[in-house]
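The structure appears right after this line, and notes come after that.
Laboratory data are not the source of any read-out in this text; all were calculated from the coordinates shown. None of the values given here were measured: they were computed from a predicted structure. Glycine gets a Cβ as well: all are built from the backbone with ideal geometry, and neighbour counts include every protein chain shown.
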């Protein structure tokens, strides 16, 4: 870029980046590959990082005498393990795994979250925790309350709205990365709104545009200009793309501003429109774009 040497990590390409406002930004397609690679690598880092953090907290607590209370957790936290149970339906094995987890843990620092997992796993874990004297809790999505199973008390979450990442974590499916809760290109939203208003008129033309983009070279920022069923409808769509700075016609090709603009024209506009619409609805607690979760059991990533 601009005569400078650009060294890219494996899996990323030059076209994954674009210059915007003097800054080099990574596009959506590049971010998806980057986060997937990062999460794979991070699996081996996290256990060691947790151990180092706990050692540091222990050392700081000893140094301060813990008089400030900073290191005495007053809130319950869920016991966590990096690897999933080998067989969640083997109650004896579940009990053994839980016993191994609890051996070296302070009772003041641990509680069982039985919201997620299989029923057999929850039963075995609850019985083991109760026998060992550890508290257990269950999260109710409808009322946003935490039920303390040992004394039947209810704790209302404040604020009453729960975040998507917290909801996923309670069910044992952590989000892979920080969730996107704002539109990356809000200036393109009017383009999406115009397409929705003209959805019946442009239905065939949008299909043709998506087809041409899908058949084009994945590394190229251009595709052939789609013909369309009705000429003036396709012309209207092409004018909208140029009006909002997404693409322009050059000869028989449609040239996109960058990779993000290409993905937006190929259907990303609909995701943004649905996101913004859901965000404006009363009663919706939280909304996010491109949420990806880690399925610990299957060791796969899901959208």
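Data overview
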quantity: Only one of 224, 218, 243, 279 that is closer than 29 Å to residue 41 by Cα and surrounded by fewer than 16 Cβ atoms within 10 Å (Cβ to Cβ); calculated: 218
quantity: Out of 260, 187, 205, sole residue that is surrounded by fewer than 17 Cβ atoms within 10 Å (Cβ to Cβ) and either in contact with a helix residue (DSSP H, G or I) (Cβ under 6 Å, 6 or more places away or on another chain) or in a helix (DSSP H, G or I) (or both); calculated: 187
quantity: Test: residue in region 153-164 that is within 22 Å of residue 42 (Cβ to Cβ), surrounded by 12 or more Cβ atoms within 10 Å (Cβ to Cβ) and within 15 Å of the chain's Cα centre (by Cα); calculated: yes
